[in-house]
Amino acid sequence: MDNDIAEPDPSRQRNGVVEGLYGEFTDSLNAKVRYSVSLTESALTIQKISSPGQDEVVFHLADCLGCRAYKVEDEADVGAFFTAYFYPFKRRWISTGMARQKVEQCFRVALVQDPLTNLQEAERWARAIREASIRQIPRRHDVKYYEVRRPCRVMVLVNPQSGRGQALQLFSGQIEPMLTEASVPYTLVITEHQNHARDLVRETDLSQWDALVILSGDGLLFEVLNGLLEREDWEEAIQTPLGILPGGSGNALAASVHHYTKSPPAWGKELLLSCGFLLCKGLVTRLDLVSVHLASSQRIFSFLSLAWGFVADVDIESEKYRLVGPMRFLVGTLMRLASLKVYHGRLAYLPAPFFTPQNSSLCSSLPCGPNSSPNQNSRHNHSTNSNHNTAHNSSNIAITTMRTEPQPVNQKGPPDSLLADLEHPVPEHWTIVNEEDFVLVLAMFQSHLAEDMFAAPGAAADDGFIHLLYVRAGISRLALLTLFMTMEKGGHLAIGCPHLVYERVKAFRLEPLSPEGAITVDGEMVEYGPVQAQVHEGIARLISG
């Protein structure tokens, strides 16, 4: 706020700085309506002067996205305007609960007959509101934040085919106006084919950009992350802040990012607006990545999940219902329940060290069912005498789907110090689950598996854990359906299902023995066969809150 101007102009005599800013302005549409407006470090307070008994309206600057000053084209109008854009939590109009909703506050400045002086005053207010709102970015006390450079130069990658094919409309209708309100310059890139984004970020000069933003499902971010880690300068490239905007069917990372802010649950366009707000605020946190080794010695990097069995089947088989949006997973779940399969295989993992809430942001008080404790699960042992050279049939589920194209062996990226070669036994200190039949094995690296699937309630973006869940054979269809219904609100770990096991681990190995099946990584089908993975804590950067 301009406290050091040598000679006060007429506008400053009328709107002086007294513990902030105070001014009197007219309504942008009705010059007869006047407002008193005061700006403090944390709020913008507005009261209609013509109605002194009317309550003040207070807008918290933590909810402010930006403010701009401008002059209308009418040469006869000497006034200028400034508009502040707020996204406070308000009650939904139809359903219950709270969600961010856009509110504009526009004022006309016509203090003198000089148009330039009025515009300068409008710009002074706009600048003061912007600067104060930046200082009031909502932060969580248990999270270490970085900030993107301002003004933030953003590359926005949009997959026009994601979800129901509405990603471009979502960008132009909701995200583009928010970027303008926040004065964020951007370049829009529309992906044209599979691995377009992967090739682009692998080769582009990243110094042009302060952040890469993905508006799509989770598959496009999978491409971007792996492209960054295939670069010669991968250690620097992976520090590029990444933003996620939900434009697909699952939108798991977007739902997780929203959840990490401890905001009320949101879906659809409300979730998009929430993630757009976080993007424009520009706070950056650390993001865990998980390196995944496949049978062919290919190594890929994952940010979300690895699934085998029921979850992978639903994900892949529901592709044919993509036009119904997120409902595709419900349809796929019901179809797969009707013909429930059991898979035979081996599972081993490296348990995470004991932790407490004081040394981790992860909540350790979650009820995890009768078989969740790594020290009490009687079905585990530490033997390494299982045969790790069993032959595997690599035939996949006979369905039509877009598959991940083969990539050359990735020698770049962080080293995997916790993993032995896939052809060798796991290290002796690993826990081996007795060879048995599984309905599903699911490794989660974020809290949500989809917008409405809260699969790992204790997860955080950079907690350093793999949240491993598996369901043993013998579970009834009704019990499995109940498990997934309670997963919507994260209650599945508390219902005491005897077939469900949940562990926090640092690494794991899965060896499918059934001749047919599917394995997915971040929702993308990968080759079927033995697979192992380990977490790399906080090596990437995520625009979050």
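The values are calculated or read from the model by the stated rules, or taken from the named source; none is laboratory data. Nothing here was measured: the structure is a model prediction, and the numbers come from that model. A quick note on method: Cβ atoms are made from the backbone with ideal geometry, for glycine too, and the neighbour counts reach across all protein chains shown. Accessible surface areas use protein heavy atoms only, side chains included; no ligands, DNA or RNA. Shrake-Rupley method; radii C 1.70, N 1.55, O 1.52, S 1.80 Å.
Does any residue in segment 18-31 that is more than 15 Å from F82 (Cβ to Cβ) come within less than 8 Å, Cβ to Cβ, of a residue that is part of a loop (DSSP other than H, G, I, E, B) and modelled with pLDDT under 90 six or more places away or on a different chain, and which pairs are these?
Close Cβ pairs satisfying both conditions: G20/M1.
Can you tell me which of (1) open to solvent by 20 Å² or more (accessible area, probe 1.4 Å); (2) assigned to a strand (DSSP E or B); (3) touching a helix residue (DSSP H, G or I) at 6+ places or on another chain (Cβ under 9 Å) is the one R541 doesn't meet?
(3)
Would you pick out the residues in segment 47-62 that are at pLDDT below 95 and not aliphatic (A, V, I, L, M)?
Q47, K48, S50, S51, P52, G53, Q54, D55, E56
Looking at segment 500-508, is at least one residue open to solvent by 10 Å² or more (accessible area, probe 1.4 Å), touching a Pro at 6+ places or on another chain (Cβ under 7 Å), of a type outside the set (V, I, T) and in contact (Cβ under 8 Å) with a residue 60 or more places away in the chain?
no
Could you list, in sequence order, all residues of segment 158-194 that are aliphatic (A, V, I, L, M), farther than 20 Å from K281 by Cβ and within 17 Å of the chain's Cα centre (by Cα)? Steps first, answer last, please.
Let us first name the residues in segment 158-194 that are aliphatic (A, V, I, L, M), namely 158, 167-168, 170, 175, 178-179, 182, 184, 188-190.
Filter once more, so that each one left must be farther than 20 Å from K281 by Cβ: 158, 167-168, 188-190.
Residues satisfying the conditions are V158, A167.
When segment 336-373 is examined, which residues are found to be modelled with pLDDT under 75 and in a helix (DSSP H, G or I)? Write out each step before concluding.
As a first pass, look at segment 336-373 and keep what is modelled with pLDDT under 75: 336, 354-373.
Across segment 336-373, the qualifying residue is only R336.
Taking segment 512-527, which residues are open to solvent by less than 10 Å² (accessible area, probe 1.4 Å) and assigned to a strand (DSSP E or B)?
Taking segment 512-527 first, the residues open to solvent by less than 10 Å² (accessible area, probe 1.4 Å) are 512, 517-522, 525.
Listed by number, the residues that qualify are P512, G517, I519, T520, V521, M525.
Return the residues of segment 4-39 that are open to solvent by 60 Å² or more (accessible area, probe 1.4 Å) and modelled with pLDDT of 90 or more; say none if nothing qualifies.
Pass one, segment 4-39, residues open to solvent by 60 Å² or more (accessible area, probe 1.4 Å): 4-8, 10, 13-14, 18-19, 22, 29-32, 34.
Answer for segment 4-39, where residues must be open to solvent by 60 Å² or more (accessible area, probe 1.4 Å) and modelled with pLDDT of 90 or more: Y22, R34.
With the condition being in contact (Cβ under 8 Å) with a residue 60 or more places away in the chain and surrounded by fewer than 22 Cβ atoms within 10 Å (Cβ to Cβ), I'd like the strands (runs of 3 or more DSSP E) fully within segment 195-294 carrying at least 2 qualifying residues. Break it down stepwise before answering.
Values: elements: 211-216, 242-246, 283-293.
In segment 195-294, the matching strands (runs of 3 or more DSSP E) lie at 283-293.
Do we have any residue at all in segment 121-136 that's in contact (Cβ under 8 Å) with a residue 24 or more places away in the chain, of a type in the set (V, I, T) and surrounded by 17 or more Cβ atoms within 10 Å (Cβ to Cβ)?
Scanning segment 121-136 turns up at least one residue that is in contact (Cβ under 8 Å) with a residue 24 or more places away in the chain, of a type in the set (V, I, T) and surrounded by 17 or more Cβ atoms within 10 Å (Cβ to Cβ).
Within the set of pairs 6+ apart or on separate chains, which have a first residue in segment 137-158 that is polar (S, T, N, Q), a second that is open to solvent by less than 80 Å² (accessible area, probe 1.4 Å), and C-beta atoms under 6 Å apart?
none
Go through segment 25-46 and give me each residue that's in a loop (DSSP other than H, G, I, E, B) and among the basic types (K, R).
In the first step, residues of segment 25-46 are kept if they are in a loop (DSSP other than H, G, I, E, B); the result is 28-33, 40-42.
K32 - this is the single residue of segment 25-46 that is in a loop (DSSP other than H, G, I, E, B) and among the basic types (K, R).
Regarding segment 72-92, can at least one residue be identified that is part of a helix (DSSP H, G or I) and more than 30 Å from G464 (Cα to Cα)? Even if it seems obvious, please write down each step before you answer.
Our first condition is that a residue be part of a helix (DSSP H, G or I); within segment 72-92, this holds for none.
Checked segment 72-92: no residue is part of a helix (DSSP H, G or I) and more than 30 Å from G464 (Cα to Cα).
State which residue is most open to solvent (accessible area, probe 1.4 Å) when the search covers only segment 446-482 and only residues that are of a type in the set (S, T, N, Q) and part of a loop (DSSP other than H, G, I, E, B). First the steps, then the outcome.
Residues of segment 446-482 of a type in the set (S, T, N, Q): 446-447, 476, 482.
With the extra rule that they be part of a loop (DSSP other than H, G, I, E, B), the set shrinks to 446-447, 476.
Details: Q446: 0, S447: 0, S476: 61 Å².
Per the criteria, the residue is S476.
For the list (1) under 24 Å from the mean Cα position of the chain (by Cα); (2) surrounded by 17 or more Cβ atoms within 10 Å (Cβ to Cβ), I need the number of the one condition that R68 fails.
The one condition R68 does not meet is (1).
Could you grab me the full set of residues in segment 93-112 that are exposed (fewer than 14 other Cβ atoms within 10 Å of the Cβ) and among the charged types (D, E, K, R)?
Hit for segment 93-112 is E104, nothing else.
Is it the case that L44 is under 18 Å from A122 (Cα atoms), in contact with a helix residue (DSSP H, G or I) (Cβ under 6 Å, 6 or more places away or on another chain), open to solvent by less than 30 Å² (accessible area, probe 1.4 Å) and in the same structural domain as E123 (by the TED database)? Full working, then the answer.
On the way: under 18 Å from A122 (Cα atoms): yes; in contact with a helix residue (DSSP H, G or I) (Cβ under 6 Å, 6 or more places away or on another chain): no; open to solvent by less than 30 Å² (accessible area, probe 1.4 Å): yes; in the same structural domain as E123 (by the TED database): yes.
Taking the combined requirement at face value, the residue does not satisfy it.
All but one of (1) buried (at least 22 other Cβ atoms within 10 Å of the Cβ); (2) of a type in the set (G, A, S); (3) part of a loop (DSSP other than H, G, I, E, B) hold for S183; state the number of the condition that does not hold.
Among (1) buried (at least 22 other Cβ atoms within 10 Å of the Cβ); (2) of a type in the set (G, A, S); (3) part of a loop (DSSP other than H, G, I, E, B), the lone unmet condition for S183 is (1).
Assess whether A533 counts as being touching a residue at least 24 places away in the same chain (Cβ under 8 Å) and within 30 Å of L65 (Cβ to Cβ).
Numbers: touching a residue at least 24 places away in the same chain (Cβ under 8 Å): yes; within 30 Å of L65 (Cβ to Cβ): no.
Taking the combined requirement at face value, the residue does not satisfy it.
For segment 160-180: of the residues being touching a Gly at 6+ places or on another chain (Cβ under 6 Å) and open to solvent by less than 60 Å² (accessible area, probe 1.4 Å), which is modelled with the lowest pLDDT? Please lay out each step first, then the result.
Going residue by residue through segment 160-180, those that are touching a Gly at 6+ places or on another chain (Cβ under 6 Å) are 162-164, 167, 170, 175, 178.
Those left that are additionally open to solvent by less than 60 Å² (accessible area, probe 1.4 Å): 162-163, 167, 170, 175, 178.
Working: S162: 83, G163: 72, A167: 91, L170: 94, I175: 96, M178: 97.
Looking at residues that are touching a Gly at 6+ places or on another chain (Cβ under 6 Å) and open to solvent by less than 60 Å² (accessible area, probe 1.4 Å), I get G163.
Per-residue answers, yes or no, for (1) closer than 26 Å to V342 by Cβ; (2) open to solvent by 30 Å² or more (accessible area, probe 1.4 Å); (3) modelled with pLDDT of 85 or more:
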site: I397; (1), (2), (3): yes, no, no
site: M402; (1), (2), (3): no, yes, no
site: P406; (1), (2), (3): no, yes, no
site: V409; (1), (2), (3): no, yes, no
site: K412; (1), (2), (3): no, yes, yes
site: S417; (1), (2), (3): no, yes, yes
site: I432; (1), (2), (3): yes, no, yes
